[in-house]
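Structure first, then comments.
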Amino acid sequence: MRDPDGFFLVPILFIGLLLNIQPEQPDQVIESSLSPQTPIHHVVVLMQQNHTFDNYFGTYPGADGFPGNLCVPIDPAQEGNSPCIEPFHIENHSVEDLDHSASTFFLQYNDGRMDGFVSALNAQNQDGTLSLGYYDGRDIPYYWNLADEYVLFDRFFSSAHGGSIWNRMYLVAGVPGSEENRIPDGGYGNISTIFDRLQEAGISWKYYVNQYDPSLTYKSLGETSFLDPQVQWVPLLSFDRFIDDPELSSKIVDLEQYFVDLREDNLPAVSFVLALGASEHPLTSLEAGQRFTKNLIQALMESSSWENSAFILTYDDWGGWYDHVPPPQVDSFGYGFRVPAILVSPYARKGHIDNTELDFTSLLKFIIDNWSLEPLGGRSLQVNSITSAFDFDNPPRSAIILPFDRISLEEPNRAPHRIVIYLIYGSITLLAGVLFIKVFRSDENSAQN
Amino acid sequence: MKIFLGNPGIKKIGWISAILIIASVVRLIGLNSFGYNSDEAVYSGQAAAIVQNPVLMDLFPIFRAHPLLFQFFLSLFYFFGISDLTGRLLSVAIGVATVYVTFTLGKELYGDVVGFVAALFLAVMPYHVLVTRQVLLDGPMTLFSTLSVLLLARYAKYWRSSDLYFAATAIGMTFLTKEIGILFIVAIYIFFSLSHEIRLRFRDILISAMIAFTLMALYPLSVMLAGGETSTTARQYLVWQLLRLPNHSADFYLRTLPLEFGPLVLLLAILGFFLLWKERSWREILLMVWLVVPILFFQFWPTKGFQYLLPIAPIVSILAARTIGRWFYSMRDHPIRLGGINVGTLAIAIIFISLLIPTLQVFTPATSSSFLAGSGGVPGGREAGEWIAGHLPDGSTIMTIGPSMANILQFYGHQRAYGLSVSDNPLYRNPSYRPIDNPDKQILMGEIQYIIWDAFSAQRSEFFSEKLLGYVQKYNGRVFHIESIPLTTGSGQTVDEPIIIVYRVYP
């Protein structure tokens, strides 16, 4: 808790004198209360864009992916008579930025029947069949490798049934921020964010933005009539205090600083990362996104922070793609459809698929609980945390740089048959032993003769 | 007690025990002070792969260039844990066993004195000591080849069929240790062709040939039956060896080996050969073919390795000992004494010391950053590898100047390493190695994260050293770790010379 005016200092000292104890410096009091409740001392959150769980992991073995015999009707109104579309591997199909407005969500959701995905997009004059396309280990090998090694969440819902702006606000504040999926004209005002809580508690944090331009904030809207993606995807740039207060604004930095901080052993307790160009938003390269993520994770693994870190990769909204799990409607904003989410940590369970019902505010819940912060409003009070994905009973696992190529778990065994080697060379070794015994026994005999 | 010491049998045991102790001591002093060199790392890596060590089996394929008899034997010890010292201790044991077989051979050919003297020379011969302190195939191959000579000598002496069969078995073992052992089949053929006094029965020839070739056939058979991706490497290796460019000049052995055999030993061996020409028999023919065939072969073979001529070391020892033994024999009634000491004994002592002094230099730390393959461990390699194992994330990929350092770092560092100098043309690269197709692309894509420069490879290939450092500069390489060795400058000062530098690249 910050106490710039020393308002609480006098009573604390007074009580200290009464109790005849050595008064402690306020900083030391804060230090002792800052200790994380788990071995996790660093949380890094990377939020990419616009994919559903089924779109990325619908065919991942063991996960709650596409149901068997799935076929989504082109026109759900025809009730069983409509031709339908089965999920298909996207391969070389051209993709487009599918509509992912709140109205499309409700049409696709169709009161929980989950059969309006094609028709909703067709109604927008888009190719609705594309929503049933999926990627797999051939297209996103690195993410599938991560899932093999760490934790894949298959009940992780986007917080809101709209696009990026609501969902990213949920990630930082646990609330949508506005009634409409847009940044209010006057910014977000006094809504508390997780960064306010961290700042109050004296816990380090940073928001790393790829190719960060500090001149672009929500206030730029009036000048350009186009809200830059950086502003849409970094909610803090729509808060006056995070723009104007030098202490707060200094924590929103270019991504280059992330690598410098890791090298200099200076990674904050909580870091959020915005990829910007490599966001995997449809029409951008999935490979570029994966390489971006790989660089972040790899740099973390090479740093001294790795041993006490948790890296969370997730996606801000569903992007119009199909997902088969009806999202629970916990309030008037969501949940939205499931999104991919992966936890990479030395304490992450190995190759684990976590079925806990989660959303973006679950990450806030974890941060709040871990550093014993004042609770935030909204959902972060009630949701599940991600703690079930950790195994704190065992020592941390050492870092492992996963290859970019898919490690196939089902690849035929191309190693030589060791039994042949054991048999042949084992027999020869025995024979060599017998040879020596014979030779030197006869040597002894001839010596005796 | 007096009776006990006066017993000639006990005396002999005492002498040979003393020689074997000397052989062991000179091979064991500071045995593990330096880490493995490239070949040692490869053979130990293969042994680890045979026992399915979870880390090393992915980095070292079982089948590479040679048969697996020694690696298999080593793998039996690796069931109890992987350690570089285990491999070296096994090599030492094999080296000491060779000294004993040399003693037996010398004794069988020329009597006890020659046996003892030959064993003593081999026990401290720099060449044999140096090679049998390393995990190389040439030490065990020399053991089996010397055993083959011993058994051939017994056959020639006693005409027992079983000795010929045993000799065929030993030749098979020689081949199964290192395929170049097939050379000795040629040597045996020449030996029997020139030794007319030895009678050979057709049945014995047939059975011996069957034994030898059946054993030899087990190598290709094991490759074929074991299958797997890496078994093709073994098949490609012979083709590559036949087509590869020379790695050393024609005078390589002449420049390097005489000092390693010991000039006095060599001189005695040559002197004896000429002085005792008239006394030649099948014994000298046997020794000479075992000497000449490998020398001629490797003189003309494009690939010359420092340790390749090790099988001739016991033969050279016996030839030198033969000269001394003959002199002892001729002087036995009227020995010449100097200060009360038999001159022959004095000569042996002088030669022994002349061998021991350079041998002891094997243990002194490196004073330069140059390195000859096969001549010992690589300073700093193990330390750098262990640093890598402790500090780099699993799955890291390293680029080195050449494959030699890559092998060492893979063994100790447990991370995959590729040599920049490995050609992408299959005609010009060892099929065991994988080239880096496009270093720029692989660095930019994050597939190579570390670049490691080392003084030994840089000294061998300035071109690739500069190229490697070019990538360090181009991709913002930052020094992560430096391995240094203390070097003495011309002015007598000791300075820490960086010999291995680990860079992290940030494309």
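Computed from the coordinates by the stated procedures, all read-outs in this text should not be read as laboratory data. Note that the coordinates shown come from a computational prediction; the quantities given were computed from them, not determined experimentally. A quick note on method: Cβ atoms are made from the backbone with ideal geometry, for glycine too, and the neighbour counts reach across all protein chains shown.
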Packing-based ranking, highest mean first, of B:31-38, B:473-480, B:413-420, A:121-128 given that Cβ atoms within 10 Å are counted = B:413-420, B:31-38, A:121-128, B:473-480
For chain A, built as a Gaussian network whose Cα springs stay under 10 Å, the top-fluctuating residue of A:160, A:275, A:432 | A:432
Compute the whole-percent fraction of alpha carbon pairs in segment B:83-130 spaced more than 14 Å apart.
-> 51
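Let me have the 222 nm mean residue ellipticity of chain A computed from DSSP H runs of 4+ only, each contributing -39500 (n - 2.57), with the sum over all residues rounded to the nearest 500.
-9500 deg cm²/dmol
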Shape call, segment B:392-507: gyration tensor on alpha carbons, a/c limit 1.5 = prolate
What is the Cα convex hull volume of segment B:22-95 when expressed per residue in Å³?
-> 89
Mean projected area (nm²) from the convex hull of Cα positions in segment A:76-183 is 8.9
What stretch of chain B, leaving out the sites themselves, is the longest with no GluC sites (Glu not before Pro) in a DSSP loop having at most 14 other Cβ atoms within 10 Å?
-> B:230-507
Of all chymotrypsin sites (Phe, Trp or Tyr not before Pro) in segment B:128-171, the ones in DSSP coil with at most 15 other Cβ atoms within 10 Å are B:159
Could you work out the helix-only [θ] at 222 nm for chain B, with each DSSP H run of four or more residues adding -39,500 (n - 2.57) and the total divided by the number of residues, to the nearest 500 deg cm²/dmol?
-> -20000 deg cm²/dmol
Highest mean first, what order results for B:208-216, B:315-323, A:82-90 on Cβ atoms within 10 Å?
-> B:315-323, B:208-216, A:82-90
Leading residue at positive end of dipole, the protein assembly as shown (Cβ point charges), from A:146, A:161, B:452 = B:452
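Roughly how crowded by other chains is peptide A:396-404, in terms of the mean Cβ count from those chains within 10 Å of each of its Cβ atoms?
Per-residue shielding by partner chains comes out at 4.
How charged is the neighbourhood of residue A:282? Take every other residue with its Cβ under 9 Å from the Cβ of residue A:282, and add Lys/Arg as +1 and Asp/Glu as -1.
Numbers: positive: none; negative: A:96, A:97, A:280.
Around residue A:282, the charge tally is -3.
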Where a ≥ b ≥ c are the square roots of the eigenvalues of the C-alpha gyration tensor, would you call segment A:207-329 rounded, which needs a/c under 1.5, or, failing that, prolate if a/b is larger than b/c, or oblate?
-> oblate
Per GNM of chain A with C-alpha springs under 10 angstrom, the most fluctuating residue out of A:236, A:283, A:262 is A:283
Alpha-carbon centroids, segment A:343-357 and segment B:20-57: separation in whole Å | 40
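Would you mind calculating the relative contact order of segment A:195-320 from Cα pairs under 8 angstrom and at least 6 residues apart, reporting the percent as a whole number?
Relative CO of segment A:195-320 lands at 28 percent.
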Sequence-separation-based contact order of chain B, relative, with Cα cut under 8 Å and 6+ spacing, percent | 17
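With a ≥ b ≥ c taken as the square roots of the eigenvalues of the C-alpha gyration tensor of segment B:262-306, please select rounded if a/c is under 1.5 and otherwise prolate if a/b is larger than b/c or oblate if it is not? Mind dumping the intermediate values first?
Working: a/c = 3.46, a/b = 1.61, b/c = 2.15.
The shape class here is oblate.
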Over segment B:373-507, what is the relative contact order in whole percent, taking alpha-carbon pairs under 8 Å and six or more residues apart?
-> 23
Quick one: pull the percentage of alpha-carbon pairs in the protein assembly as shown with a separation above 44 Å.
-> 49
With label points built 7 Å along Cα→Cβ from the Cα atoms of residue B:267 and residue A:288, find their separation and express it in nm.
-> 7.7
Convex hull (Cα only) mean projected area of chain A, reported in nm² to one decimal | 34.5
Could you check which residue among A:423, A:255, A:46 shows the biggest mean-square fluctuation in a GNM of chain A with a 10 Å Cα cutoff?
-> A:423
Radius 11 Å from Cβ of residue A:305, net charge of other residues (Lys, Arg +1; Asp, Glu -1) | -4
At most 11 other Cβ within 10 Å, DSSP loop - chymotrypsin sites (Phe, Trp or Tyr not before Pro), segment A:124-231 | A:226
Cleavage-rule hits, GluC sites (Glu not before Pro), segment A:218-303, DSSP coil, Cβ neighbours within 10 Å at most 16 | A:264
Compactness relative to 2.2 N^0.38 Å, alpha carbon Rg of chain B | 1.05
Pairwise centroid distance, computed over Cα atoms, of segment A:115-160 with segment B:134-197, Å | 69
